Amino acid sequence: MNGRLRTLAATAASVLITIFGLTVVTFFIGRVMPIDPIVAILGDHAPPDVVARVRIELGLNQPLWYQYWIFFRNLIHLDLGRSVMTTHPVLQDIGRYFPATFELATAAMIVATLIGVPLGVLAAVRQGTRTDHIVRIVSLAGSSIPVFMLAMLSLVVFYAALGWLPGTGQVSVVYDGIVPRITGMLVIDAAITSHWNTFYNALLHLVQPALVLAYFSMAYITRMTRGFMLDALRGEYITTARAKGLSASTIIWRHAFGNIWVQLITVLALTYAGLLEGAVVTETVFSWPGLGQYLTNSLLNADMNAVLGATMVIGIIYVFLNLLADVLYRMMDPRVR
C-alpha cells in the first residue's frame, strides 16, 4: 500500500510540475513574441495617453515575474482573460470551439486505428513480401506528404473535380443553425434531435478532413504496429505455439498481438493527443470551426489571451492523455505492476 501511495504521489507531483512548466513556457513565449497586446486592443492609432493607461490597467507595466504571477493566479481560478477578437471570455470561446475539434479528431482516430493496426499486423506477418513493401510505401507517403497539400488535393479531387463530397465548413449553409447545441458536436447533436438531413450533410462534411487526419495518423500507427509485431513474432513463445500446431490466426492474434496491444495503448493515446492539438492546418484548409482555426485566427489578430488560453488547454489535454496511457499500461500489464 505504501508503495502504491508513493507511486501515486510521484505521478501527481510529476503532472503538477509538468503543468507548471507548461504555464511558464507558454506565458514567457507569449510575452517575448513581437506582438503588442495593447495595439491589438486599441488599434495602431490610439492616443499615447490611452495606451499608457490601458497598459497600467492590464498590469503590462509590471516586471515579467509579477505579470506571470497575475496570469498564474487567474489561471487557478479558470480565468484565461477575454478575447480581443470575439470579446468573450477565452474559456467560453474554447468551450464553444473545442467540441468540433474533438469530433474531428475522434472520427480520424477511429478510422486510423481500424485501418492502421490491421495493416501493421499484415505487413509484419508478410515481412519482405510485396504486401509488406506496399504497406510501408503507403505509410511513408502518409508521413512525408504535408497535411495542407493532402487537404488541398482532397478538395480538388473529391469536391471540385468529382463532386462526390461537399466542400469546406462543418455543414452546408442551408442547414446552419437548425440543430440546437447540446454537445457541440454537430453530427451527434443532429442525431440526438433527429434532424436527419442535417446529420447526413454534417457527416459528409466530416469525411474529407477526418480522412486527411486519419491518413497522417494511420501511417504512424501502422509503422509502430509493424515494429511491435516483428519483435513479438521473433519470440520463443511463438516458436513454441507453432510447434504445438496452433493455427496461424491464433498465433498472430492471440499470442503475438496479445503481447503488443498494451504497448499500442501508449501509441494510440499520444496519437490521439496529437490529433487534438495538431488539427490546425486541416481545420484552416477545410474552414472547420474548431480550436485549431480559433487559434490561427487569434494569432493573425494578435489576440494573445486567446492564443495563450488555447495553447494551455491543448497542453493540459496532452499531459492528461499521456497520464491516462501510463495508467492503462500499468493496469493491463502485470509485468509493469
(request) Only Lys, Arg, Asp and Glu count, each charged at its Cβ (+1, +1, -1, -1), so figure out the dipole size of the stretch 171-251 about its Cα centre, rounded to 20 debye. (result) 420
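Share of Cα-Cα pairs in the stretch 210-317 beyond 17 Å, in percent? Numbers along the way, then the final one.
Details: 3717 of 5778 pairs.
The proportion of pairs with Cα distances above 17 Å equals 64 percent.
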(message) Taking the beta-carbon count within 10 Å as an exposure proxy, list 82, 53, 130 from fewest neighbours to most.
(response) 130, 53, 82
(message) Compute the helix-to-body angle for 130-144: its Cα long axis versus the longest principal axis of the chain, expressed 0 to 90° and rounded to tens.
(response) 10
(message) Using the crude model of +1 on Lys and Arg Cβ and -1 on Asp and Glu Cβ, and no other charge, please compute the dipole size for the stretch 75-173 relative to its Cα centre, in debye to 20.
(response) 280
(message) Give me a comma-separated list of calculated 3J(HN,Hα) values for the stretch 114-119, in order, Karplus coefficients 6.51, -1.76, 1.60 applied at θ = phi - 60°, integers in Hz, x for any Gly or Pro.
(response) 5, 9, x, 5, x, 5
(message) I'd like the orientation of helix 2-32 relative to the chain: the angle between its Cα long axis and the longest Cα principal axis, in ° from 0 to 90, rounded to 10.
(response) 50
(request) Just report the Cα centroid separation between the stretch 92-121 and the stretch 233-262, whole Å. (result) 31
(request) Positive end of the charge dipole of the chain (Lys, Arg +1 and Asp, Glu -1 on Cβ, about the Cα centre): tell me which of 92, 146, 308 has its Cα farthest that way. (result) 146
(request) Give the distance, in whole Å, between the Cα centre of the stretch 131-184 and the Cα centre of the stretch 187-232. (result) 10
(message) Going by amide H atoms built from the backbone, whose H comes under 5 Å of the H on residue 82, apart from near neighbours?
(response) 90
(request) Tell me the Kirkwood hydrodynamic radius of the chain in angstroms, computed as one over the mean inverse distance between distinct C-alpha pairs. (result) 23.0
(message) Give me the percent relative contact order of the chain, please, defined on Cα pairs under 8 angstrom at least 6 residues apart.
(response) 26
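Could you calculate the contour length gain from residue 165 to residue 178, that is, 0.36 nm times the residue separation minus the distance between their Cα atoms, to one decimal place in nm? Numbers along the way, then the final one.
Details: separation 13, 0.36 × 13 = 4.68 nm, distance 2.10 nm.
2.6 nm is the gain from fully extending residue 165 to residue 178.
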(request) Measure nothing fancy, just the Cα-based angle from helix 196-233's long axis to the longest principal axis of the chain, in degrees from 0 to 90, nearest 10. (result) 50
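Can you give the alpha-carbon Rg of the stretch 194-243 over 2.2 N^0.38 Å, where N counts its residues? It would help to have the intermediate numbers written out before the result.
On the way: Rg = 19.9 Å, N = 50, 2.2 N^0.38 = 9.7 Å.
In units of the 2.2 N^0.38 Å rule of thumb, it is 2.05.
Using r as the Cβ-Cβ distance of residue 110 and residue 141, and R0 as 22 Å, what FRET efficiency do you calculate, to the nearest 0.05? Can you show the working numbers first?
Numbers: r = 21 Å, r/R0 = 0.97.
Efficiency, rounded to the nearest 0.05: 0.55.
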(message) Apply the a/c threshold of 1.5 to the C-alpha gyration tensor of the stretch 45-178 and tell me whether it is rounded, prolate or oblate.
(response) prolate
(request) For residue 287, enumerate residues with amide H under 5 Å from its amide H, sequence gap 5+ or separate chain, H modeled in the peptide plane. (result) 169
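Throughout, read-outs are computed from the coordinates displayed, never taken from laboratory work. No experiment lies behind these values; they were computed from the predicted model shown. We place every Cβ from the backbone using ideal geometry, glycine too, and count neighbours over all the protein chains shown.
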